[in-house]
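Here the structure is laid out as structure tokens; the discussion comes afterwards.
The values are calculated or read from the model by the stated rules, or taken from the named source; none is laboratory data. Keep in mind that what you see is a predicted model, and the values were worked out from it rather than measured. As a convention, Cβ positions derive from the backbone with ideal geometry for all residues, glycine included, and neighbour counts pool all protein chains shown. All accessible areas refer to the heavy atoms of the entire protein, side chains included, with ligands and DNA or RNA removed. Shrake-Rupley method; radii C 1.70, N 1.55, O 1.52, S 1.80 Å.
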There are 2 protein chains.
Amino acid sequence: MVQIPKTPGPSSPAPRPVPTSADVARLAGVSRATVSYVLNNTTSVRISEPTRRRVHEAAKELGYVPHAAARSLRAGHSRLVLMPAPDFPVGPLYSRFISELQWALGRLDYTVVQFGSVGLHGDEAVRAWAELRPVAVLVPGAGLGPQGVEVLKGSGARAVVTLGSEPVDGAHALLMDHEAVGHCAGSHLHDRGRRRIGVVVPREHGLESFSLPRLKGVRDALHGTTATLTELPLAYAEDSAARLAASWRDLDLDAVFAYNDEYAMLLMRALQDEGVRVPEEVAVIGADDLMLGRLLRPRLSTVHIELPSGRDLAELVDRAVRDPAAAPETHKVLGATVIHRDSS
Amino acid sequence: MVQIPKTPGPSSPAPRPVPTSADVARLAGVSRATVSYVLNNTTSVRISEPTRRRVHEAAKELGYVPHAAARSLRAGHSRLVLMPAPDFPVGPLYSRFISELQWALGRLDYTVVQFGSVGLHGDEAVRAWAELRPVAVLVPGAGLGPQGVEVLKGSGARAVVTLGSEPVDGAHALLMDHEAVGHCAGSHLHDRGRRRIGVVVPREHGLESFSLPRLKGVRDALHGTTATLTELPLAYAEDSAARLAASWRDLDLDAVFAYNDEYAMLLMRALQDEGVRVPEEVAVIGADDLMLGRLLRPRLSTVHIELPSGRDLAELVDRAVRDPAAAPETHKVLGATVIHRDSS
DNA sequence: TTGAAAGCGGTACCAC
DNA sequence: GTGGTACCGCTTTCAA
């Protein structure tokens, strides 16, 4: 910790200027071109060993770090892969996926950056991304229309990949088929003889792009049957769950799909506290197959979700970048399978 | 981008070149300077209304988006705040914190970016960050030494803030006092008459910078008492917990601090399955005060953690950026308080 | 009110 | 083997 005699008013020790390749060149007694050759190990040009050393020493002495912006400006492209940072609490599933993806893209020599577009909406956000001239953009959820894709491509993005419920014109799509999740759950409950089915819809903002398709999936699964579907808005808080549980008998439901395992845990606890027996009186099923479901009693039935591997997605991105003209691929990912445990 | 007649391979629609301000100028029939003035609403210069319109129309027609790199290159600085993307599964606490921070920094007109440095280590990672010439860098956990701070500052970063257990020379520090968390838990257990205390240490990688200080905190709390401390390595998986529970009677412990609520839930379930009664035979306390702890039976005692508000941290960053010469601030954040429920 | 031109930091072509 | 230099896209004096 440097002990700076803090004078009033900010600013005294003129922040030393950041060293440039010109500084390195000067110190090494060579030209900027030579510096560039040496530091980039350019193979198409031979530089004598003594010169190399001098350059390296000068660079180290000055603490020289190249300027990425200048470099990519000159190069006319970057290897930047951009994804908006999620602004809602992401589950362990998603964070693992992101990590894996970053790792895989890193291996392919891309630089992955999560851009915090909190507060920006739609077009604004898209423009902000485009300003960074990413070579590829990965967009989870909705929030990107065909015109957004156009803006990105128009600004040099060679690949736009959406991870969402439905494809967007012009973009590659990883279809996370959340409807299938709901469909699985709905069918499962119906198969087990349940006919008055509730579906939890989180009140939390940002989850709509998951919860609505899941809801629709249940609706579809029940379509043409005698079963009824009741939407159950629920905030992720004990009091909200308690209120819902208190009115449970009136609702007259014999099963509930709880959006995911966390909401299921919340609701199940409230129901049990209310004396409602699971699964006898009401079957409960969650989704995401989180650890906590296995730890509950009764063990929580759930819909297991198979996310695409980060490696696969990284390869899709790479393929798309190498051949931007290729037709957008649309992959159905996210295999949904019911894991039947004790709560349903 | 020049249209290279690329032989076979897919690729036909030569990717149209990205429009520049020069293109806009040409189309609008004005100079690049004028384009810049208009699009940036430069106040120090008057541009006639008709000209403004022509420029705006041309920009829209071409789908012009300015080039952030070129802009900040010219400007000599950016408003980029960089933080490494966590490469371990983050809890809800941390994700909320990040979101809030991004929002707050966004309000102050910074651009927040999480940089995926997965795979890069120490100096490499620091250099990669420095290449982006961020105006500020926020580094959680360890993994940044004084020399790293020097590299960042030497490359123009006006503020380096660490969020960790201990301060780093030259950087502002938000001291997340995880030792205090352990200390709280340890004291609490001791106060309640427990003397043979186990401490869960997650086997998962990336958690050391939290788990080790927490462990040390317990050790300190117990120092000078007659109580014993036993480290309990535990992976976040049922079988690992089952093994630990199976050997429980041999361990002869009457209390355990389970690192956090999730590990506590895992362990508590395994213990209960093994017939070990909580809290009669063994008191259990977690940390982080997650929702799930309130939903368990017995309700889980926990250490509540008060993270700094995103707004406060954003203001610290802003202050530091405006006055880089000021002495690094060191803040103890993260108030730890025991929430006594039924498991201890 | 507008335009010409310098220059931010690197890279890569061409000449010596 | 090395150096000179044009240029990437944008902002900002300075002149006109």
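The table below gives the values:
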| read-out | value |
| --- | --- |
| Lys/Arg +1, Asp/Glu -1 at C-beta; region A:142-269 dipole; positive extreme among A:GLY143, A:PHE257, A:ALA157 | A:PHE257 |
| Rounded to the nearest 10 Å², the accessible area of A:ILE339 at probe 1.4 Å | 50 |
| Amide hydrogen neighbours beyond the local backbone of A:LEU234, cut-off 5 Å, H modeled | A:VAL201, A:ARG203 |
| FRET E, pair B:ASN40, B:LEU108, Förster distance 25 Å, beta-carbon r, rounded to 0.05 | 0.80 |
| Per residue value of the accessible surface for chain B (all protein chains in place, 1.4 Å probe), Å² | 46 |
| Count, lysine Cα pairs under 26 Å in the protein assembly as shown, 8 or more residues apart or across chains | 9 |
| Kirkwood estimate for region A:178-306, i.e. one over the average of 1/r between Cα atoms, Å | 14.1 |
| Residue mean of other protein chain beta carbons inside 10 Å, A:129-138 | 3 |
| Using alpha carbons only: equivalent-ellipsoid semi-axes of region B:21-66, gyration tensor based, whole Å | 15, 10, 9 |
| Pseudo-label separations to other copies for A:ALA246 - Cα-to-Cβ vector, 7 Å, nm | 4.7 |
| Net charge dipole size for region B:21-66 [Lys, Arg +1 and Asp, Glu -1 on Cβ; Debye, nearest 20] | 100 |
| About the Cα centre, charge dipole magnitude for chain A (Lys/Arg +1, Asp/Glu -1 at Cβ), debye | 1740 |
| Residue-averaged 222 nm ellipticity for the protein assembly as shown, from DSSP H runs of 4+ at -39500 (n - 2.57), nearest 500 | -12500 deg cm²/dmol |
| Extension gain (nm, one decimal) between B:ALA242 and B:ARG297, 0.36 nm per residue minus Cα-Cα | 17.9 nm |
| For the protein assembly as shown, size of Cβ-based charge dipole, Lys and Arg +1, Asp and Glu -1, in debye | 2660 |
| Rounded to 10°, Cα long-axis angle of helix B:92-107 versus longest principal axis of chain B | 30 |
| Interface B:A - total buried accessible surface [probe 1.4 Å, Å², rounded to 100] | 5700 |
| Principal axis dimensions, largest first and in whole angstrom, of chain A by Cα | 85, 58, 35 |
| Hydrodynamic radius (Kirkwood) for region A:197-253, which is based on Cα pairs only, to one decimal in Å | 12.3 |
| A:GLU231 paired with A:GLU57, simple spin-label distance in nm, labels 7 Å along Cα-to-beta-carbon | 7.4 |
| Accessible surface, 1.4 Å probe, highest first, among residues B:ARG53, A:ARG319, B:ARG341 | B:ARG53, A:ARG319, B:ARG341 |
| Ascending list, in nanometres, of distances separating the A:HIS77 label from those of the other copies (7 Å, Cα toward Cβ) | 3.4 |
| Shielding by partners, peptide B:291-297 (average Cβ within 10 angstrom, other chains) | 6 |
| Order of exposure, largest accessible area first, which applies to B:THR337, A:THR111, B:THR34 with probe 1.4 Å | B:THR337, A:THR111, B:THR34 |
| Shielded by partner chains, region A:241-280 residues - at least 40 Å² of accessible area, 1.4 Å probe, vs chain alone | A:MET265, A:ARG269 |
| Region A:149-213-region A:60-94 distance, computed between alpha-carbon centres (Å) | 28 |
| Farthest positive-ward along the protein assembly as shown dipole, Cα basis, beta-carbon charges - from B:GLY193, B:TYR94, A:TRP248 | B:TYR94 |
| Within 10 Å of each Cβ in B:85-94, the average number of Cβ atoms from other chains | 5 |
| Radius of gyration, Dmax [region B:87-234; alpha carbons; angstrom] | 18.2, 55 |
| Percent accessible area from carbon and sulfur atoms, region B:178-306, protein chains only, probe 1.4 Å | 48 |
| Sequence of A:ARG133, A:ARG214 when ordered by accessible area, the most exposed leading, probe 1.4 angstrom | A:ARG133, A:ARG214 |
| Over the protein assembly as shown - Rg/Rh using Cα atoms and the Kirkwood inverse-distance radius | 1.01 |
| Difference of contour (0.36 nm per residue) and Cα-Cα distance, A:GLU166 to A:HIS223 | 18.4 nm |
